[in-house]
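**Q** Can you read through this structure? Questions will come right after.
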Amino acid sequence: MFGVKPKVEPPPSLAVMPDVPPPPPTELVRDMRQLFELAFAQKASDIHLTENSPPILRIFGDLIPTLFVPVTREQTKSLIFNLLTDKQKAQFEKEQELDLSIDVQGVGRFRVNVHQQRGSIEAAFRLVPVKIRSLKDLGLPPIVSELARKPNGLVLVTGPTGMGKTTTLAAMVDQINHERRQHIITIEDPIEYIHQNALSIIKQREVYADTKSFAAALIHCLRQDPDVIVVGEMRDLETISTAITAAETGHLVLATLHTPDAAQTIDRIIDVFPPFQQQQVKIQLADCLQGVVSQQLLPRCDQPGRVLAYEIMIATAAVRNLIREHATEQVTTTLQTGAQYGMCTMDATLRALFDRKVISYETAVSRLKNPAEFQLLGKPEPKKGVFGK
């Protein structure tokens, strides 16, 4: 009115200095969009909504509380249920578990898990970037691109939860989509990255929304003339069995497993079958497996953020023989000597990241499986004290 600009209150921010007590929270969460916008602004990967706590963001692997007033049981239910359709509410009330994905206009996509804890309805939200990054941008070596170019067989991306398996899988699909004319069918729970047809045709099916289960979708998609089949997660015997069959019958199957390395991936697949089937499964897996990419995200020490560490196993003749004999204890040795094929161990990647001063010595050591290999790759410089002594 008098030419003075109105004061605009900044949005709630994070306590960036944990040693300094933050001011007492005064602002209530109005709606989930407010949290979604804050999460994107802070480059968070997850939002956790839980009773009697302020909303919490995961930023570069760390859980950081927001400066909102703690939410009550009634507020968490209201905030979450405002995002759901009547069908989804009914499904949650029946199953007490719900996975879904949502599009927030002008913000982005989120993968949502709704669950119940001590009678309180709570949720975890995973932010899904709109842009699909390339395998190179993710920090993966060229051999992973070559795995995506295989005409058939089974390619597995493995690692713990939250380590970027879905992002790597999306990058492989995006590469195929822009390089080859293929019919790609994805089976996901829920759908995260949205793919647009380029050279390929991509059909994305969501479990419970478009199909009853991974196994059912896999069985039926074999009759839909696919070239590439993407399985969001191989959870059970039926899904694993059908995926192996699809890979044997001339399709390229890309899938994920929650296993930390190549050796345990082989063990997990074989051990899920009853004993009388395991010998046959060893032969099938040895014949159809093309490669395993195991990965984890580590905190950087050179700048804010996380960096990808990986282990890669390529199905050479030696590897296929180890699978047939179920001699997984020898897999690590094969990876150590298979650099010419693009193979490497997780410990070797950790050592390379440490030598480049991307991760700290403490981070590297905390993730090592074989300290002897780490030391053989080069003796680390002794740590200096406060005064450089």
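**Q** Scanning region 193-239 for residues that are in a strand (DSSP E or B) and basic (Lys, Arg), which turns out nearest to His258 (Cα to Cα)?
**A** Per the criteria, the residue is Arg205.
**Q** Another question, then. Check Gln330, Gln340 and return the single one that is under 18 Å from Leu140 (Cα atoms), assigned by TED's automatic domain parsing to the domain that holds Ala148 and surrounded by fewer than 19 Cβ atoms within 10 Å (Cβ to Cβ).
**A** Gln340
**Q** Here's something else I'd like to know. So the check is Cβ under 8 Å with 6+ separation or different chains; which pairs have a first residue in region 218-235 that's of a type in the set (Val, Ile, Thr) and a second one that's part of a loop (DSSP other than H, G, I, E, B) and modelled with pLDDT of 90 or more?
**A** These pairs meet every condition: Val228/Gln182; Val228/Ser200; Val228/His251; Ile229/His251.
So that you can scan it fast, the table gives a plain yes or no per residue for (1) surrounded by fewer than 19 Cβ atoms within 10 Å (Cβ to Cβ); (2) closer than 29 Å to Ile185 by Cβ; (3) outside the structural domain of Lys43 (by TED's automatic domain parsing):
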residue: Glu248; (1), (2), (3): yes, yes, yes
residue: Thr256; (1), (2), (3): no, yes, yes
residue: Ala262; (1), (2), (3): no, yes, yes
residue: Gln277; (1), (2), (3): yes, yes, yes
residue: Val281; (1), (2), (3): no, yes, yes
residue: Ala317; (1), (2), (3): yes, no, yes
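**Q** Report, by residue number, each residue of region 72-118 that is in a strand (DSSP E or B) and under 21 Å from Ala41 (Cα atoms).
**A** Within region 72-118, Ser101, Ile102, Asp103, Val104, Gly108, Arg109, Phe110, Arg111, Val112 qualify.
**Q** Taking the residues in region 353-366 that are buried (at least 16 other Cβ atoms within 10 Å of the Cβ) and assigned to a helix (DSSP H, G or I) as candidates, determine which candidate is farthest from the chain's Cα centre (by Cα).
**A** Going through the qualifying residues, I end up with Phe354.
**Q** Can you work out which of the residues in region 227-236 that are surrounded by fewer than 22 Cβ atoms within 10 Å (Cβ to Cβ) and at pLDDT below 95 is nearest to Val144 (Cα to Cα)?
**A** Result: Glu233.
**Q** Something else about it: With Gln303, Gln295 as the choices, which residue is within 22 Å of Tyr361 (Cα to Cα), outside any helix (DSSP H, G or I) and in contact with a strand residue (DSSP E or B) (Cβ under 8 Å, 6 or more places away or on another chain)?
**A** Exactly one of Gln303, Gln295 is within 22 Å of Tyr361 (Cα to Cα), outside any helix (DSSP H, G or I) and in contact with a strand residue (DSSP E or B) (Cβ under 8 Å, 6 or more places away or on another chain), namely Gln295.
**Q** Here's a check for you: in region 1-59, which residue that is among the aromatic types (Phe, Trp, Tyr) and not in a loop (DSSP other than H, G, I, E, B) is modelled with the highest pLDDT?
**A** Phe36
**Q** Something else now. So is Gly164 on the phi > 0 side of the Ramachandran plot, at pLDDT below 95 and either under 14 Å from the mean Cα position of the chain (by Cα) or surrounded by 14 or more Cβ atoms within 10 Å (Cβ to Cβ) (or both) or not?
**A** yes
The values are calculated or read from the model by the stated rules, or taken from the named source; none is laboratory data. Keep in mind that what you see is a predicted model, and the values were worked out from it rather than measured. For neighbour counting, all protein chains shown are included, and Cβ atoms are generated from backbone atoms with ideal geometry for every residue, glycine included.
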